[in-house]
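S.K.: What follows is a structure written as structure tokens; I'll ask about it next.
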Amino acid sequence: MRAVRWVCLVASLAVAGCSSVGGLAGAVAGITSGAATSNPAVGIAVSVSVKAATDAGIKHATRTLHAEEQDLIAAIAGNLPVGARRDWRMQRSIPYGNEHGELQVTRILDTPLAQCRDVAFSVAVDDAPPDQPSAQWYTTSICLQLNGWKWAAAEPAVPRWGALQ
């Protein structure tokens, strides 16, 4: 029986990819707890719980990193006139997600309800092959709020969407 558990663990490690970190953590926790208690129901319950918690934690961390990047781009673009270009760079203390690129305000939307700007921004692809573009371009809108310029697109900057992001 012990050999079967190790085979299952090795098989789950072999097929695990980056998107299956939660599944891998759940499998390891489930196998370990099922073996420790000799109760497969406990192993399944622990496995599902650990997978859900791991996936939620990874999604939260990813949303936080994206929100920081979006806030930086919005703050820079909020001070630019239409047509002006400026470089942006995200520097984090951890060596992950240190993106950079260029941005340009393409239009100002000033209404009695809101002051917004349309922005085109690039994210540099540092290791792009010679036949590929060195940056990918995107567009978004930013709007002035009480605490400064903020990303106006709902994904993933609006916290009210919660688990739907």
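S.K.: Pull out a ≥ b ≥ c, the square roots of the eigenvalues of the alpha-carbon gyration tensor of the stretch 93-150, then state rounded if a/c is under 1.5, prolate if not and a/b is larger than b/c, and oblate in the remaining case.
M.R.: oblate
S.K.: Assuming a ≥ b ≥ c are the square roots of the Cα gyration tensor eigenvalues, decide whether the stretch 52-151 counts as rounded (a/c under 1.5), prolate (otherwise, with a/b larger than b/c) or oblate.
M.R.: The shape class here is oblate.
S.K.: What does the net charge come to around Asn79 if you take all other residues with beta carbon closer than 11 Å to its beta carbon, with K and R at +1 and D and E at -1?
M.R.: Computed value for this residue: +2.
S.K.: Grab the Cα-Cα distance for Thr64 and Asn98, subtract it from 0.36 nm times how many residues apart they are, and report the gain in nm with one decimal.
M.R.: Full extension of this stretch gives 10.9 nm more.
S.K.: Arg107: net charge of surrounding residues, Cβ under 15 Å, Lys/Arg +1, Asp/Glu -1, itself excluded?
M.R.: Result for the local shell: 0.
S.K.: Order Val125, Val119, most accessible first, counting only protein heavy atoms with a 1.4 angstrom probe.
M.R.: Listed by decreasing accessible area, they come as Val125, Val119.
S.K.: For Glu99, what residues show an amide H to amide H distance below 5 Å, using hydrogens built from the backbone and excluding near sequence neighbours?
M.R.: Answer set, sorted by chain and number: Met90.
S.K.: Separation between the Arg89 and Ser134 pseudo-spin-labels, each 7 Å from Cα along Cα→Cβ, expressed in nm?
M.R.: So the two model labels end up 1.5 nm from each other.
The values are calculated or read from the model by the stated rules, or taken from the named source; none is laboratory data. These figures come from a predicted structure and were not determined experimentally. FYI the Cβ positions are ideal-geometry reconstructions off the backbone, even for glycines, and counts take in every protein chain you see. SASA here: full protein model, heavy atoms, side chains in, ligands and nucleic acids out. Shrake-Rupley method; radii C 1.70, N 1.55, O 1.52, S 1.80 Å.
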